[in-house]
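What follows is a short report on a single structure.
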Amino acid sequence: MPEAASPADASASRDAEIAAALGTRSIVLVGMMGAGKSTIGRRLSARLRLPFLDADAEIEAAAGMSIADIFEVHGEPHFRDGEARVIARLLDGGPAVIATGGGAFMREETRGRIRGKAVSLWLKADADIIMKRVKRRADRPLLQTADPAATVGRLIEEREPVYRHADLTIWSRDVPHEKIVDECIEALHGWLRGDGEKQSPDRMGATP
Ligand code: S3P
């Protein structure tokens, strides 16, 4: 009698199924600064054996300067144009796991491109978690304000109705990264199996 597949085999075959079902499509992570897009994206890409691309790092490489300097020298509209171009280029090189900057998905043109060439996954995080994480890095130009917590609150209010259009939503919270990655894998697997059913944030993940 053949031996039953071990949980590790089952998980590896599910990861391989996802990579196969993607074809040339990428997985694009969207969401607020500090939601964990790069941290989770890197781990997710390793699980799926796909390249990991960080749009912010690609923008910096293309411009030959830091994001803070691009904002300071050229202004935010210039940064946003460059961001849209870079993401369009990254999407043409799929499949990959792509972490985008928090404002990228706000641009309709970019959302359209992502819809055509990728599966989008919103890493949704609460304001307190975001604040705790963004405090570790002082280089985010949008948070150089008198009251960063109020700025984060305003950005969440403006952006969540748009992030909600992502294909999938996973609640990014203070649990081990691998748990969030597992939930991403689970959601991607279900979505790519063809139901394409949209997850509602109310049905997301377990409690923290
Ligand atoms: C931004 C988020 C940043 C970076 C830029 C603007 C935003 O990326 O693109 O500072 O508008 O939320 P992260 O979300 O990776 O921090």
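Loop sites only, by DSSP: take the trypsin sites (Lys or Arg not before Pro) in the chain that have at most 13 other C-beta atoms within 10 Å and name the longest stretch containing none of them.
50-134
Per the helix-only calculation at 222 nm, which mean residue ellipticity applies to the chain, given -39500 (n - 2.57) for every DSSP H run of n ≥ 4 and division by its residues, nearest 500 deg cm²/dmol?
-16500 deg cm²/dmol
Rounded to the nearest 0.05, what FRET efficiency do residue 108 and residue 61 have when you use their Cβ-Cβ distance and R0 = 30 Å?
E between residue 108 and residue 61, to the nearest 0.05, is 0.70.
Averaged across orientations, what area in nm² does the convex hull of the alpha carbons in the chain project?
12.4 nm²
Where a Cα-Cα gap under 14 Å defines reach, which aspartates and glutamates qualify for residue 135, not counting those fewer than 8 residues away within the same chain?
Leaving aside aspartates and glutamates fewer than 8 places away in the same chain, those within reach of residue 135 are 147.
With every protein chain kept in place and ligands, DNA and RNA left out, what is the accessible area per residue of region 47-204? Probe 1.4 Å, answer in Å².
It amounts to 50 Å² per residue over region 47-204.
Taking 7 Å along the Cα-to-C-beta vector as the label spot, tell me the residue 128-residue 179 distance in nanometres, rounded to one decimal.
Rounded to a tenth, the inter-label distance reads 1.6 nm.
Please report, as a whole percent, how much of the solvent-accessible surface of the chain comes from carbon and sulfur atoms (probe radius 1.4 Å).
52 percent
Tell me which GluC sites (Glu not before Pro) from region 1-60 have a DSSP coil assignment and no more than 13 other beta carbons within 10 Å of their own.
In loop regions of region 1-60 (DSSP not H, G, I, E or B), the sparsely surrounded GluC sites (Glu not before Pro) are 3.
Label-point separation (nm) for residue 49 and residue 135, each offset 7 Å from Cα along Cα-to-Cβ?
4.2 nm
Be a star and scan region 1-41 for residues whose amide nitrogen sits under 19 Å from the point 7 Å along the Cα-to-Cβ vector of residue 164.
Hits in region 1-41 for residue 164 at 19 Å: 30-33.
The values are calculated or read from the model by the stated rules, or taken from the named source; none is laboratory data. This one's a predicted model, so the numbers in the text were calculated from it and none came from an experiment. Don't worry about glycine lacking a Cβ; one is built from the backbone with ideal geometry, like all the others, and counts go over all protein chains shown. For accessibility, only protein heavy atoms count, side chains too; no ligands or nucleic acids. Shrake-Rupley method; radii C 1.70, N 1.55, O 1.52, S 1.80 Å.
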